[in-house]
Amino acid sequence: MKDKKSVNAALKEAWAVSGSPLIQVKDLKKSFKELDALDGVSVDINKGDVVFVVGPSGSGKSTFLRCLNRLEEPTEGQILFEGVDITDPKTDINLHRQKMGMVFQQFNLFPHMSIMKNLTLGPMKLQGKSKEEAEAEAKRLLERVGLSDRADAYPNQLSGGQKQRIAIVRALCMKPDVMLFDEPTSALDPEMVGEVLAVMRDLAEEKMTMVVVTHEMAFAKEVASRVIFMADGKIVEEAAPDEFFEHPKTERLQNFLAKVL
Amino acid sequence: MNFITDFTNDFYLNFIKEDRWKYIVDGLGVTLEVTLFAVLIGIALGFIVAIIRSTHDKTGKMKFLNWLCNIYLTVIRGTPVLVQLLIIYFVIFGSVRVDKVLVAVIAFGINSGAYVAEIVRGGIMSIDAGQFEAGRSLGFNYTQTMIHIILPQALKNVLPALGNEFIVLLKETSVAGYIALEDLTKGADIIRSQTFSPMMPLLAVAAIYLAFVMMLSWLIKVLERRLRNSER
């Protein structure tokens, strides 16, 4: 166990000096009983990348995202995160998940805890931070998203947009190296989408590495450093946003864009 | 006037004469003792079984333990508690001298555990899968996620059902007289057999059960309200 840890530390060090991608996905496959949700996906995500993943429903984009932190167990393939193969069953995935923040479509705040408790639970229980430290950091981040007055509220007292901003802050409190967004605005009323996108835009401007699964094409065009189009469990096209939206190469992407734009 | 004289005489005969009230008070003590410790065993057993079963449901691990738990639940819920009590007293502890209170605590505790287990498991399974994923995505392992995120919510949801189970348990202990344990019901029965005047001791005992059940119901309601308030 200890050995594995030191090996991982060495791998991480080697990764840090090598300038390799933050996340390297190699030929990732995921099958549910009859269905191949992911059929060989390979992609590199560099530090500071803001990668948007779009595609029709059932294309495997959410499965892809959820495989990145192994909420979904990949059937085949490799994911190197900071130089460590996190698909290796011997890897302690919990340690690496601390460095991969995740934001869900349904927010998934903890309803039995105040907002402040939601934000400090992870840092205190997992990272050994003191209450003062954790709360100070939480307050700082709450202020950034304009919700410092809701620290003592409970999730049920918040609007959808506020819940999602809190969910983003909860992930940020762990000081992650990458943020994974799984359709963060899909469950929101239209008038609340903007406030969540504003927070994400801020993060992107701060060079946070982000992988975003979304249907917000205009937002992708504006914020993404790279856009990936998935269909039938495969990456069909991948390009910078201008190229992606103005000059789509494949017919599938052209058809898709014609429908959604 | 006749009625009042009859009542007074009856009361004297059943409760005052030869200190017969002691059967009721001592019996109540035994009933409460058995219920309290059986509840504790029931909670402990129930939670362990519920966690094993829901872990198996969620992850497919713990196959053998889950199999054992299933046998326990099937047997205990499929046979009358009185039969279980008699088996434990006359068969399992048949050849050794053992405190009857202890036997009753074990029997009712094991019995209650099976019902608590299914209540708690229902509570765990009713929590949205997203809560589990949110915990895991922060880096909590399975056990930590259970302790900090799932169980507190599950417990709150099942509190009324758990309270009800404990009320049932309190009343169920009244069959302990079958192993000659002198609990509240048995106390009334002893008085009845001495005085041949069944109405008063039995009604008194019924009133005492009722009072305790109402008190428990009230306590559970208060607790429930307090827990719910913390979410608003």
### Task
Measure nothing fancy, just the Cα-based angle from helix B:129-138's long axis to the longest principal axis of chain B, in degrees from 0 to 90, nearest 10.
60
### Task
For the stretch A:1-92, run through the GluC sites (Glu not before Pro) and keep only the ones in DSSP coil with at most 15 other Cβ atoms within 10 Å of their Cβ.
A:Glu34
### Query
So what is the calculated 222 nm ellipticity per residue for chain A, using -39500 (n - 2.57) for each DSSP H run with n of 4 or more, over all residues, to the nearest 500 deg cm²/dmol?
-12500 deg cm²/dmol
### Query
What translational D, rounded to a whole number of µm²/s, comes out for chain B from Stokes-Einstein when the hydrodynamic radius is the Kirkwood one over Cα pairs, at 25 °C and 0.890 mPa s?
122
### Query
Once the piece of chain linking B:Asp19 and B:Met125 is laid out straight, how much longer is it, given 0.36 nm per residue of separation minus the C-alpha distance between them?
32.9 nm
### Query
How high is the FRET efficiency from B:Glu33 to A:Ser130, r the C-beta distance, R0 41 Å, rounded to 0.05?
0.40
### Alpha-carbon Debye profile of the stretch B:176-232, log10 I(q)/I(0) at 0.13, 0.20, 0.25, 0.26 Å⁻¹
-0.50, -0.75, -0.94, -0.97
### Query
Where in the stretch B:1-69 are there trypsin sites (Lys or Arg not before Pro) that are in a DSSP coil and have at most 14 other Cβ atoms within 10 angstrom of their Cβ?
B:Lys61
#### Entry: Gyration tensor (Cα) of the stretch B:1-129, equivalent ellipsoid semi-axes in angstrom
42, 19, 11
### Query
Looking only at A:Phe104, A:Phe32, A:Phe64, which one moves most when chain A is put into a Gaussian network model with springs between Cα atoms under 10 Å?
A:Phe32
### Summary
Ranked by GNM mean-square fluctuation in chain B (Cα springs under 10 Å), the top entry among B:Ala134, B:Ala107, B:Ala188 is B:Ala134
### Message
Taking loop as defined by DSSP and a crowding limit of 14 other beta carbons within 10 Å, which trypsin sites (Lys or Arg not before Pro) in the stretch A:73-159 fit?
### Response
A:Lys90
### Task
State the percent of C-alpha pairs, over all pairs in the protein assembly as shown, separated by a distance greater than 33 angstrom.
54
### Query
How compact and how long is chain A, expressed as Rg and Dmax of its alpha-carbon atoms in Å?
18.5, 55
### Gaussian network model of chain B, springs between alpha carbon atoms under 10 Å - residue of B:Met199, B:Met146, B:Met125 with greatest fluctuation
B:Met199
### Query
At a 1.4 Å probe, what is the % contribution of carbon and sulfur to the accessible area of the stretch A:101-214?
45
### Task
Identify all aspartates and glutamates with a Cα-Cα distance to A:Lys12 below 18 Å; exclude those on the same chain that are fewer than 8 residues away in sequence.
A:Asp3, A:Asp44, A:Glu82, A:Asp85, A:Asp88, A:Asp92, A:Asp177
### Message
Between B:Lys61 and A:Ser225, what's the calculated FRET efficiency when r is the beta-carbon distance and R0 is 35 Å? Round to 0.05.
### Response
0.30
### Summary
On complex formation of A with B, accessible surface lost, both sides summed, probe 1.4 Å, nearest 100 Å², amounts to 2000
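The values are calculated or read from the model by the stated rules, or taken from the named source; none is laboratory data. All figures in this text were calculated on a predicted structure; none of them were measured in a lab. Reconstructed Cβ throughout: ideal geometry from the backbone, glycine too, with neighbour counts over all protein chains shown. For accessibility, only protein heavy atoms count, side chains too; no ligands or nucleic acids. Shrake-Rupley method; radii C 1.70, N 1.55, O 1.52, S 1.80 Å.
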